[in-house]
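Asker: This is the structure I have questions about; it appears just below.
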Amino acid sequence: MRVTGAELRTIRMPLVSPFETSFGVERDRVAILVRVIGTVGGDRRPVEVQGWGECVAMESPLYSSEYAEAAAAVLRRYLIPRLLAVSAAGTDVTAETVDSLLEPFVGHRMAKAALEMAVLDAQLHGTGQSLAGYLGATRTSVPSGVSVGIQPSVAALLDVVGDYLADGYVRIKLKIKPGFDVAPVEAVRERFGELIPLQVDANAAYTLADARVLRRLDAFDLLLIEQPLPEDDLRQHAEPARLVRTPICLDESIVSPRAAADAIALRACSVINIKAGRVGGYLAARRIHDLCQANGIPVWCGGMVETGLGRAANAALAALPGFTLPGDVSASDRFYEQDITEPFVLDDGRIAVPTGPGLGVSPIGPVLESYTVSTEWIQA
Ligand code: OSB
Ligand code: MG
């Protein structure tokens with residue numbers, strides 16, 4: 001496509017309840033959305049297309065070094081102008097070339113992923129193909145797991161987990177941190193039994209000195225322990241992977257297909273959480289999926305408290321055959337009273353994969369406006 005302009009939008013959406021992790025408490029989702037405008041079909045029969053991208057960077061740099069304002073800054077100043085310049089020079093931009101076109105700019109994968117997602121959505125609107133079809137999805141719906149934030153007490157946690165199980169979620173992920181780990185897991189097992197698929201996410205809050213605490217979690221037959229150590233401790237993760245029987249899964253550390261290859265080679269994990277935003281986009285996410293499939297590493301689709309736009313794309317990704325564990329692709333109402341798209345709903349513990357062109361969903365104008373903090377246009 002020829003990219004002729006892009007809209008950068010900052011939104012702020014209130015969460016239905018505070019979401020606490022080992023790195024902080026979130027009460028709103030602040031997100032950057034990108035809408036690219038352009039034409040497909042060449043100079044002879046140009047057809048206008050547009051596409052939406054959602055940046056997963058959070059308001060503050062607590063989960064990752066990237067954060068919303070920084071993502072907006074690099075998109076505005078460098079990334080979008082690069083695609084506009086290439087287009088103005090007469091070269092087609094495709095989703096498959098965005099990554100290499102943006103390669104001179106170091107890092108900023110979440111910002112790049114949002115722009116690539118927007119180009120991909122626009123491109124697929126041009127061809128009429130769904131994102132799921134494009135990625136090679138083999139399922140029409142995906143099993144839905146839920147990520148449960150740290151609660152003020154174990155009693156409160158049991159209530160929340162009970163509600164999610166009643167909703168039909170097929171897998172529970174408990175956020176843990178030092179001091180809120182063994183006791184809540186033990187209580188959930190005691191109340192809800194040995195059969196519910198259960199896993200924990202430490203969000204990098206432990207060190208190797210905590211190996212004994214992590215080992216105590218072996219008693220609870222968890223599916224996995226997600227990201228016990230800091231992001232750049234790839235080699236160090238091989239230690240818990242050796243000492244703890246429960247499979248170690250990496251999230252924060254997997255910032256690219258290369259990082260995934262390194263993690264597998266170093267035996268730093270036996271499961272990988274794939275988040276397209278964190279690894280630079282849906283194309284890189286698919287490459288990691290393929291790499292893991294070839295190496296016998298199960299993967300699942302992580303979440304970043306996405307709006308319906310990112311949720312749609314995650315559902316498509318999670319429908320690939322190597323996603324053999326339920327992901328954090330929950331219903332819209334897990335986080336939002338009103339989503340910016342048609343809401344994703346649970347149907348017998350599953351989320352339907354959109355079938356329309358591109359993402360298969362688009363923002364509902366007035367709802368989007370009601371959450372909008374600022375909008376700007378970037379043009380050649
Ligand atoms: O570590 O998986 C994580 C949310 C924000 C940042 C990091 C993480 C999470 C979640 C929620 O666990 C996943 C979701 O349901 O979107
Ligand atoms: Mg995680």
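Asker: State which residue is most open to solvent (accessible area, probe 1.4 Å) when the search covers only the range 213-226 and only residues that are in a helix (DSSP H, G or I) and closer than 26 Å to Y63 by Cβ.
Answerer: Here the residue is R216.
Asker: Shifting gears a bit: Any residue in the range 183-193 that is assigned by TED's automatic domain parsing to the domain that holds V299, in a loop (DSSP other than H, G, I, E, B) and within 16 Å of ligand 1 (Cβ to nearest atom)?
Answerer: No, there is no match, as no residue in the range 183-193 is assigned by TED's automatic domain parsing to the domain that holds V299, in a loop (DSSP other than H, G, I, E, B) and within 16 Å of ligand 1 (Cβ to nearest atom).
Asker: Turning to a different aspect of this structure: For the range 62-72, does any single residue satisfy the condition of being open to solvent by 10 Å² or more (accessible area, probe 1.4 Å), within 23 Å of A331 (Cα to Cα) and in a strand (DSSP E or B)?
Answerer: no
Asker: Tell me, please, whether a residue that is of a type in the set (V, I, T) and either open to solvent by 10 Å² or more (accessible area, probe 1.4 Å) or free of Cβ contacts under 8 Å to residues at least 24 places away in the same chain (or both) can be found in the range 279-297.
Answerer: The answer is yes; a qualifying residue exists.
Asker: Given L174, L223, L198, L229, which one is within 16 Å of ligand 1 (Cβ to nearest atom), touching a His at 6+ places or on another chain (Cβ under 9 Å) and hydrophobic (A, V, I, L, M, F, W, C)?
Answerer: Of L174, L223, L198, L229, the one residue that is within 16 Å of ligand 1 (Cβ to nearest atom), touching a His at 6+ places or on another chain (Cβ under 9 Å) and hydrophobic (A, V, I, L, M, F, W, C) is L229.
For every residue, the table says whether it meets (1) within 14 Å of ligand 2 (Cβ to nearest atom); (2) open to solvent by 10 Å² or more (accessible area, probe 1.4 Å); (3) charged (D, E, K, R).
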| residue | (1), (2), (3) |
| --- | --- |
| S153 | no, yes, no |
| A183 | no, yes, no |
| L195 | no, yes, no |
| V200 | yes, no, no |
| P230 | yes, yes, no |
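Asker: Follow-up question, since we're still on this one. Inside the range 10-48, can you point out the residues that are at pLDDT 95 or above and β-branched (V, I, T)?
Answerer: Those that are at pLDDT 95 or above and β-branched (V, I, T): T10, I11, V16, T21, V25, V30, I32, V34, V36, I37, T39.
Asker: Further question: All but one of (1) closer than 20 Å to L135 by Cβ; (2) touching a residue at least 40 places away in the same chain (Cβ under 8 Å); (3) touching a Lys or Arg at 6+ places or on another chain (Cβ under 6 Å) hold for A205; state the number of the condition that does not hold.
Answerer: (1)
Asker: Within the range 328-340, identify whether any single residue is assigned to a helix (DSSP H, G or I), more than 13 Å from ligand 1 (Cβ to nearest atom) and more than 19 Å from L75 (Cβ to Cβ), and answer yes or no.
Answerer: Checked against the condition, which is being assigned to a helix (DSSP H, G or I), more than 13 Å from ligand 1 (Cβ to nearest atom) and more than 19 Å from L75 (Cβ to Cβ), the range 328-340 yields no hits at all.
Yes/no matrix, rows are residues, columns are (1) within 16 Å of ligand 1 (Cβ to nearest atom); (2) within 17 Å of the chain's Cα centre (by Cα); (3) assigned by TED's automatic domain parsing to the domain that holds T207; (4) more than 19 Å from Y336 (Cα to Cα):
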{"residue": "V16", "(1), (2), (3), (4)": "yes, no, no, no"}
{"residue": "V25", "(1), (2), (3), (4)": "yes, no, no, no"}
{"residue": "A31", "(1), (2), (3), (4)": "yes, yes, no, no"}
{"residue": "R35", "(1), (2), (3), (4)": "no, no, no, yes"}
{"residue": "G42", "(1), (2), (3), (4)": "no, no, no, yes"}
{"residue": "A57", "(1), (2), (3), (4)": "yes, yes, no, no"}
{"residue": "S64", "(1), (2), (3), (4)": "yes, yes, no, yes"}
{"residue": "Y67", "(1), (2), (3), (4)": "yes, yes, no, yes"}
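Asker: Taking interchain pairs and intrachain pairs at least six residues apart, which have beta carbon atoms under 8 angstrom, with the first residue in the range 239-264 and under 12 Å from C292 (Cβ atoms) and the second outside any helix (DSSP H, G or I) and open to solvent by 40 Å² or more (accessible area, probe 1.4 Å)?
Answerer: C249/S270; I264/N295
Asker: Hey, does the range 50-59 have a residue that's surrounded by fewer than 22 Cβ atoms within 10 Å (Cβ to Cβ), at negative phi, of a type in the set (V, I, T) and not in a helix (DSSP H, G or I)?
Answerer: no
Asker: Pick from the range 238-259 the residues that are out of contact with any strand residue (DSSP E or B) (no Cβ under 6 Å at 6 or more places or on another chain) and of a type outside the set (A, V, I, L, M, F, W, C): which of them is nearest to ligand 2 (Cβ to nearest atom)?
Answerer: E252
Asker: Now for a separate question. Which of the residues spanning the range 171-181 are open to solvent by 10 Å² or more (accessible area, probe 1.4 Å) and either within 16 Å of G302 (Cβ to Cβ) or assigned to a helix (DSSP H, G or I) (or both)?
Answerer: Hit for the range 171-181 is K175, nothing else.
The values are calculated or read from the model by the stated rules, or taken from the named source; none is laboratory data. Here the structure is a predicted model, which is why all the values come from computation and not from measurement. Methodologically, a virtual Cβ is constructed for each residue, glycine included, from the backbone with ideal geometry; neighbour enumeration extends over all protein chains shown. SASA here: full protein model, heavy atoms, side chains in, ligands and nucleic acids out. Shrake-Rupley method; radii C 1.70, N 1.55, O 1.52, S 1.80 Å.
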